[in-house]
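First up is the structure itself, then whatever we jot down about it.
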Amino acid sequence: MKFNYKETTNDLQTRIDIHTQYGKRNIDEWMLEVLPLSQGMKILDVGCGSGKQCFLFFDHLDGECEIVGGDVSVELLQDAVEVANEKEANIQFLPVNFNERFPFEDNSFDLVTCCFAIYYAEDMPFTIGEMHRVLKPGGRLFLSGPLPTNKQVFYEIITEATGKTIPPMPGSSRFSTEIMQTVESIFSEAEMLNFENPLVFDDSPEPFLDYTKASISEDRKLWNTLFDEKENFNEVMDKITRIAQARFERDGKLVMTKVVGGIYGKK
């Protein structure tokens, strides 16, 4: 299964910033609670983007660890390297493609993570098989992604604005089914953990609209069934804006709850 998808650095950072500012719970704190992190570990973060998770682990372990971040985006890897240099963090960033053999030896890592990216893999058994291969015996896997009940208000408003069916989301349509089943079939142990984070917009609907625009901008080919050209995109955003503002005026706020799953596996 191949997803025609492109996400700019700005799109990603906009949504991360909104999660941080308006979320009532911190998913990073949750991850640090559920993961078996300890100094001296060797960690691989696949689909690392600009390195957010890598820096989280590095700081938590006071740099007493070996961390590798891999991503297919040269742009995001360059951003990660720049931050690592600024922080003087000894983290290695290099190209890693979900759909190709990972450039690591068997039994190399204590922990492999992949946060909000695994569902873009074309061949799930192959990709998760690669994660299993590079883990040491007894090593741990952690994957995060949206569950089907994720961001219901977001999808309701878009559906009302467009009158169209929401296209299948790679994350929520695959995470609790195909991805979980693949981990169960390859790893000796597998467990689904749950995290809910309400994003409350009670001053203005504008942050919700910024989030929405970043999610369905013309650079995100996943949404191309909703609009064809830039003008169509602007028309869709105008309709979404009117509906979001009406809901905000009616309820005095907008609440968009992120519902995330964490698949935890043991080799």
Could you give the length gained on full extension between Glu86 and Asp202, defined as 0.36 nm per residue of separation minus the Cα-Cα distance, in nm?
38.2 nm
Taking R0 as 22 Å, what FRET efficiency do you get between Ile16 and Asn234 from their Cβ-Cβ distance, rounded to the nearest 0.05?
0.35
What residues of the range 159-173 lie in the reach of a label at Arg242, counting those whose backbone N is under 18 Å from a point 7 Å from the Cα along Cα→Cβ?
159-164
Towards the positive end of the charge dipole of the range 27-109, with charges on Cβ (+1 Lys, Arg; -1 Asp, Glu), say which of Pro103, Asn90, Met31 has the farthest Cα.
Pro103
Please sort 162-168, 258-264, 102-108 by packing, taking for each peptide the average over its residues of neighbouring beta carbons within 10 angstrom, highest first.
258-264, 102-108, 162-168
Based on DSSP, what percent of beta bridges with both residues in the chain are antiparallel, to the nearest 5?
50 percent
Starting from 0.36 nm per residue, how many nanometres of slack lie between Asp251 and Thr159 once their C-alpha separation is accounted for?
31.2 nm
Would you work out the relative contact order for the chain, in percent, from Cα pairs under 8 angstrom that are 6 or more residues apart?
24 percent
Select from Leu44, Leu56, Leu77 the residue whose mean-square fluctuation is largest in a Gaussian network model of the chain (Cα-Cα springs shorter than 10 Å).
Leu56
About the Cα centre, and with charges only on the beta carbon of Lys, Arg (+1) and Asp, Glu (-1), how big is the dipole of the chain? Nearest 20 debye, please.
720 debye
Once the dipole of the range 146-197 is set up with Lys and Arg at +1 and Asp and Glu at -1 on Cβ about the Cα centre, which of Ser188, Phe175, Thr165 lies farthest towards its positive end?
Thr165
Stretch Lys266-Gln152 to full length: gain in nm at 0.36 nm per residue minus the Cα-Cα span?
37.9 nm
Rough spin-label spacing in nm, given labels placed 7 Å along Cα→Cβ, for Glu122 and Asp210:
3.6 nm
Looking at the chain as a GNM with Cα springs under 10 Å, which of Gly51, Gly63, Gly252 has the largest mean-square fluctuation?
Gly252
Comparing Ala80, Ala121, Ala246 in a Gaussian network model of the chain (Cα, 10 Å), the one with the largest mean-square fluctuation is Ala246
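Each value in this text was obtained by applying a stated rule to the coordinates, not by laboratory testing. Since this is a predicted model, take the numbers as computed values, not measurements. Neighbour counts are summed over all protein chains in view; Cβ atoms, including those assigned to glycine, are modelled from backbone coordinates with ideal geometry.
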